[in-house]
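Working notes, structure below.
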Amino acid sequence: MSEKTKILIVDDEDYIRQFMKINLEYSGFNVIEAASGEEGVEKCRFENPKIVLLDVMLPGISGFEVCKILRDEFPKLGIIMVTAKSQDIDKIMGLEQGSDDYIIKPFNPQELVLRVKSLERRVLLQSKSSDENILEDGIFKLDLYSKTFYKNGKEIELTPTEFSMLKYFIENKGKAIKRDEIMKVTWGDNYNNDKKIVDVNIRRIRAKIEENSAKPEYLETVWGTGYRWR
């Protein structure tokens, strides 16, 4: 039997944690809990979860601050921000701090599980065949087994979502890829969030790989369509 993926829920409201825990455990996940940002950081350090469901409004340090701390310490950790607000600023702030996705309260159990499973696929992305573990393109190398990315031999830390997107771009070098296609490949068929999530992740990738992210050499914008890997 394969090991269950460990999920950390960070939320100060007990009934919400229990709602998420029950549904995620029913879907086969190993769930642990934290009731504050500080506790969430400590649990993450000692429990080593693969995915964190992180509420924005927390006592003590906010979910945005926790997201930044976790992203700095655990670049390959999957993070989903959970918010009761639907304003764009909350979505964008979470993504800018390094989250992979967001989900807005109230949400139904099916949506929760689908979002987590979609991110799980990105977090666990790897190839079984050692002959197919490396994607190379000029100065870039992407190792599918260790889930690492290199530019000129130097490792660049990527989130699971950034890694998944770069893999697809490199595999489709020269192709103009629409935002809808990027969303479908990265987040799955049932994803219904704003397409801005694509643009925010593109900005984050460019900031890491381009010499000048305002004038990208490798990941270019195709106006009216989407993006292309050169």
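The values are calculated or read from the model by the stated rules, or taken from the named source; none is laboratory data. These numbers were taken from a predicted model, which means no experiment stands behind them. Methodologically, a virtual Cβ is constructed for each residue, glycine included, from the backbone with ideal geometry; neighbour enumeration extends over all protein chains shown. Ligands, DNA and RNA are excluded from the accessible area calculation, which covers all protein heavy atoms including side chains. Shrake-Rupley method; radii C 1.70, N 1.55, O 1.52, S 1.80 Å.
Hey, what angle do you get for helix 63-73 against the long axis of the chain, alpha-carbon based, 0 to 90 degrees rounded to 10?
50
Taking Rg/Rh (Cα atoms, Kirkwood Rh) straight from the coordinates, which label in (1) 0.96; (2) 1.07; (3) 0.93 is the correct one?
(1)
Strictly over 30 Å apart at the Cα level, which of Lys4/Lys151; Lys4/Lys154; Lys6/Lys184; Lys43/Lys178 would you flag in this model?
Checking Cα-Cα distances, Lys4/Lys151; Lys4/Lys154; Lys43/Lys178 exceed 30 Å.
Need one value: the accessible area of Leu135 in square angstrom, 1.4 angstrom probe, rounded to the nearest 10.
Accessible area of Leu135: about 40 Å².
Which one of Phe74, Val198, Thr5 is farthest out on the positive end of the charge dipole of the chain, using unit charges on Cβ (Lys, Arg +1; Asp, Glu -1) and the Cα centre as origin?
Of the candidates, Val198 comes out farthest on the positive side.
How many percent of the accessible area of the chain is carbon or sulfur, using a 1.4 Å probe? Mind dumping the intermediate values first?
Working: 5600 of 11480 Å².
Summing carbon and sulfur atoms, their accessible area is 49 percent of the total for the chain.
Taking 0.36 nm per residue of sequence separation and subtracting the Cα-Cα distance, how much length would be gained by fully extending the chain between Glu13 and Glu210, in nm to one decimal?
Additional length available on full extension: 66.8 nm.
Per residue, how many Å² of accessible area does the chain show with a 1.4 Å probe?
Per residue, the chain has 50 Å² of solvent-accessible surface.
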